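The values are calculated or read from the model by the stated rules, or taken from the named source; none is laboratory data. Model, not experiment: these values are computed from the prediction. Methodologically, a virtual Cβ is constructed for each residue, glycine included, from the backbone with ideal geometry; neighbour enumeration extends over all protein chains shown. Accessible surface areas use protein heavy atoms only, side chains included; no ligands, DNA or RNA. Shrake-Rupley method; radii C 1.70, N 1.55, O 1.52, S 1.80 Å.
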Amino acid sequence: MTEDSHDDVDPEELRRDLEETALQIQRGELKSVTFTDGAVERTFPLGTEEERDAALLTIRTILGQVH
């Protein structure tokens, strides 16, 4: 994904990127994932099932807000 402002992000591109990231998390392909919303940045380590679940929950929350 690019580092454009939220207003410049195509909702369908964002949805595809998030869905692909979720699949990568589920397959164990990523060691961590970082979500950025404006000035707020949150990095999730993905070493345990609980950490992966937290990242997947964040993705589901974001997907619920994408129009």
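With a probe of 1.4 Å, find how much accessible area the chain has per residue, and write the answer as a whole number in Å².
Working: 5070 Å² over 67 residues.
Computed with neighbouring chains in place, this is 76 Å² per residue.
Nearest 10 degrees, 0 to 90: what angle lies between the long axis of helix 49-65 and the longest principal axis of the chain (Cα atoms)?
Helix 49-65 sits at roughly 20 degrees to that axis.
Using 0.36 nm times the number of residues separating residue 9 and residue 51, minus their current alpha carbon distance, what extension gain do you get? If you can, show how the numbers build up before the last one.
On the way: separation 42, 0.36 × 42 = 15.12 nm, distance 2.67 nm.
Result for the pair: 12.5 nm of gain on full extension.
With percent of Cα pairs over 17 Å apart as the read-out, I listed (i) 39; (ii) 66; (iii) 53; which label goes with the value calculated from this structure?
Answer label, from the structure shown: (i).
Across segment 16-22, in residue order, what do the Karplus-derived ³J(HN,Hα) couplings come to in whole Hz, using 6.51 cos²θ - 1.76 cosθ + 1.60 with θ = phi - 60° and x for Gly and Pro?
4, 4, 5, 5, 5, 4, 4
Please report the accessible area of residue 60 (heavy atoms, 1.4 Å probe, ligands and nucleic acids excluded) in Å², nearest 10.
Solvent-accessible area, nearest 10 Å²: 140 Å².
In what sequence, largest accessible area first, do 37, 17, 53 appear using a 1.4 Å probe?
Details: 37 110, 17 45, 53 80 Å².
Largest accessible area first, the list is 37, 53, 17.
Which of 63, 25, 39 sits farthest toward the positive end of the charge dipole of the chain, with +1 on the Cβ of Lys and Arg and -1 on the Cβ of Asp and Glu?
Most positive-ward Cα: 25.
Please give the charge dipole size of the chain, origin at the Cα centre, charges +1 on K and R Cβ atoms and -1 on D and E Cβ atoms. Round to the nearest 20 debye. Mind showing how you got there, number by number?
Working: 7 positive and 17 negative charges, 71 e Å.
Roughly 340 debye for the chain.
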